[in-house]
Every structure is written in structure tokens, then in C-alpha cells.
1. Hey, among the residues in segment 77-93 that are more than 17 Å from Leu138 (Cα to Cα) and within 25 Å of the chain's Cα centre (by Cα), which one's surrounded by the fewest Cβ atoms within 10 Å (Cβ to Cβ)?
2. Determine which member of the set Arg318, Arg339 is under 21 Å from Pro235 (Cα atoms) and charged (D, E, K, R).
3. Looking at Glu41, is it acidic (Asp, Glu) and in a strand (DSSP E or B)?
4. May I ask you to list pairs of residues, at least six apart or on different chains, whose Cβ atoms are under 7 Å apart, with the first in segment 36-64 being under 18 Å from Thr161 (Cα atoms) and the second being modelled with pLDDT under 90 and of a type in the set (Ser, Thr, Tyr)?
5. Any residue at all in segment 319-331 that's modelled with pLDDT of 90 or more, surrounded by fewer than 20 Cβ atoms within 10 Å (Cβ to Cβ), assigned to a helix (DSSP H, G or I) and not charged (D, E, K, R)?
6. With Phe27, Phe10 as the choices, which residue is modelled with pLDDT of 85 or more and surrounded by 14 or more Cβ atoms within 10 Å (Cβ to Cβ)?
7. Evaluate the following for Ala217: is it under 25 Å from the mean Cα position of the chain (by Cα), of a type in the set (A, V, I, L, M, F, W, C) and at pLDDT 65 or above?
8. Picking from Ala301, Ala206, which residue would you name as being aliphatic (A, V, I, L, M) and surrounded by fewer than 18 Cβ atoms within 10 Å (Cβ to Cβ)?
Amino acid sequence: MNKTSRFAFFTLFIALAGQSQADPGQFYVAPGMQWMDFADETMLDDDSGWSFGLGYQFTDRFSTEFSIFDLEPDLPSGAEVEIDHYRLDAIYDIGSSLGNIQPFIVGGVGNTKFNDDNDSILNVGAGLKLDVGENLELRTALRRYQYLGRDLEDVDFGIDTSIVFYFGLGNETPRSSQPVARTQPSQPSRPAAPASAPSEAAPADADRDGVPDSGDACPDTPMNYAVDERGCPIPVEEVARVDLLVNFDFDRSEVKAEYMDEIEEVTDFMEQYPDVIVELEGHTDSVGTEQYNIGLSDRRANAVRQVMVDRFGISPGRITARGFGEGQPVASNETAAGRAQNRRVVTVIIKTLQNYRPR
């Protein structure tokens with residue numbers, strides 16, 4: 001049986017177990033198997049090997065663990081690369097069982113040695129714990145590995161599967177995944193308290209646009225603008241469209257100094273015509289999940305918005321920002337150059353506004 005087959009059998013064995021229980025204050029060891037899917041840029045074949053962890057259960061849901069694994073993946077030439085990895089992780093049980101399965105999340109920092117080269121590494125992931133005895137459980141996790149200092153846009157992914165053995169006395173009260181019913185001394189019945197009267201004070205509305213500050217997406221809107229239910233000015237006519245060409249580094253949302261002149265051109269136009277607003281649209285390449293890229297593109301659009309507000313003095317109520325994720329590429333995501341073009345905030349739409357606020 002090769003290493004990949006052994007790993008598949010090991011993972012299948014986990015699916016036959018029940019739910020995990022461990023006491024706070026216990027130490028544990030976790031021998032197991034590690035499988036890695038390396039980024040294309042490394043030119044390394046997928047590989048599996050042994051792993052070993054040593055951990056401590058701080059509470060019924062939180063533990064820390066130091067672990068290592070060893071791999072020897074092949075290059076296209078057939079040469080082997082020796083990989084030694086160690087990391088320190090924090091593991092947190094979510095607390096809600098899925099049938100007889102206990103899910104958890106994990107994250108940590110570490111170091112990977114490729115032959116004689118070292119790389120610092122971050123990992124995040126999620127997995128399942130399942131009980132097979134009083135002090136024994138099986139555990140598996142899927143992780144995303146991001147290497148620091150390496151000029152790669154892609155990341156590595158791994159699956160680690162371990163047998164976890166707890167030792168030490170732990171606390172006297174064992175952990176339970178289900179709430180424990182407790183009998184309380186009987187108390188004399190009390191009449192129900194009357195419902196409190198609704199507050200007479202109106203919710204805060206600093207810009208007096210009729211939308212409470214707690215739900216106002218465009219605070220400080222000038223008084224002469226009509227607003228929608230989100231507190232943002234209502235456009236009535238598109239009068240111009242300008243391409244900003246603000247590009248971003250991979251997985252970053254900081255606006256680089258080289259784009260300040262282009263942003264200033266837009267703000268100069270806005271200062272000349274105070275009854276117009278802009279809508280900023282953010283975009284990403286295809287690396288990462290769709291949900292993550294929506295958030296990243298939104299952060300990029302809002303970063304440009306913040307430059308216009310903080311550096312060039314434009315009222316926040318005149319600028320809206322929205323992220324579109326990876327769904328509107330302008331170049332191929334199959335190449336590094338194309339992905340760089342897609343990491344952008346482009347298309348500033350300039351619109352006139354309703355210049356009165358309905359009462």
C-alpha cells in the first residue's frame with residue numbers, strides 16, 4: 001500500500017467513529033499522517049508522510065498543540081525535496097455537534113524547511129473530532145498554508161489526520177457536548193414584571209437625513225440631498241464615467257502612492273461640481289474563494305474612498321463603494337500578468353443628485 005492509499009484508509013477510519021470528549025488540564029499526543037497539495041509554482045508533486053503533535057487541553061473547547069511533519073515530494077526531474085515542517089497551533093471546538101461529529105477550527109504559525117531553505121508559514125483550517133474511547137479520539141483537518149516571504153500568488157493546502165491520546169488527570173468534571181440538566185431549589189413564584197415602556201427618545205441621526213446612525217451607510221450627507229433607505233444620496237442622472245486604473249498587490253487593499261494623481265483628478269472634478277457623487281467598484285483576481293474575494297474587493301473600493309475623504313477632503317456622503325469580487329475580469333486569470341490587471345478599483349460613475357430632501 002503506497003503513502004496516498006494509507007492516508008485514504010486512515011481518513012476513512014475516522015468516518016466510522018463517534019463524538020470526542022476530553023477533560024481540561026490534560027496533555028495529549030497526536031501521531032498521524034499528513035497529505036499536501038502544493039501550489040503549482042513550487043513544481044512539487046502532491047505527497048503524504050508522517051506527523052506528530054504534542055498538545056495541552058486548556059478548557060473543554062480550547063487547546064494548543066506543537067506539531068511536526070516530514071515529507072519527500074518529487075520534482076518533475078524525479079529529484080526528491082526533503083521538507084521538514086513544524087508549527088504551533090490553537091484549536092477551538094465550535095461547541096455545536098453535527099450528529100455524532102464535533103467540528104473545530106484551527107490556526108497557527110510555523111516554519112517549513114525545503115532542503116536547506118526556511119520559510120515562515122501561517123495556516124488556518126477546520127476539521128472534525130470523533131471519539132473512539134475514554135482517552136482516545138480520531139481527528140482530521142483541512143488547512144490552507146500561506147508562506148511568508150515567498151513571491152507566490154497561490155497557496156498550499158493540506159489534510160492532516162491523527163490519533164489523539166489524552167493523558168494526565170484533567171479536571172474532575174468531564175466535558176460534555178450536550179448541556180447538563182441541573183435541579184434548582186424551588187423558589188416562590190413571583191408575578192411577571194410589567195413590560196417596560198418604549199423609550200421616548202428618538203434614535204441618533206447626526207446628519208438629520210431620517211436614517212438612524214446605526215443603519216446609515218453614508219454618514220454626513222449634506223442636508224440638501226435626498227437619500228435612500230440606507231442614508232445614501234439618490235442619483236437621478238449619470239453624467240460621466242472615469243477609469244481610475246488603481247491596481248493592488250496580491251491579497252492587499254492598500255492604495256499605492258503612484259495612483260494619488262489619478263484619484264486627485266476625480267476629486268478636483270467633484271470640488272468643481274458639488275452636486276455630483278461617485279460610485280467606486282472594486283474587483284479581484286480568481287485566487288481565493290468567491291466569498292473572500294467579495295470582501296477583499298469591497299475593502300479595496302473602500303480604501304480608495306477613504307483616500308478621497310481623508311486626503312482630498314471629499315464629504316463621505318458623496319462617495320459609495322462596492323466590491324464585485326472576481327466576477328468581472330478584464331484579463332485572463334490564467335497568467336500572473338492577467339491576475340495583476342484584475343486586482344483593481346476601476347470605473348468611477350459620476351451622477352447628479354436630487355437636490356432636495358422630501359419631508
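The values are calculated or read from the model by the stated rules, or taken from the named source; none is laboratory data. The structure displayed is predicted, hence computed values, not measured ones. In this analysis, Cβ positions are derived from the backbone assuming ideal geometry, glycine residues included, and neighbour counts consider all displayed protein chains.
1. Leu88
2. Arg318
3. No: the conditions fail for Glu41.
4. Between residues of segment 36-64 that are under 18 Å from Thr161 (Cα atoms) and residues that are modelled with pLDDT under 90 and of a type in the set (Ser, Thr, Tyr), the close pairs are Ser48/Thr4.
5. no
6. Phe27
7. yes
8. Working: Ala301 fails: surrounded by fewer than 18 Cβ atoms within 10 Å (Cβ to Cβ).
Every option except Ala206 fails the conditions.
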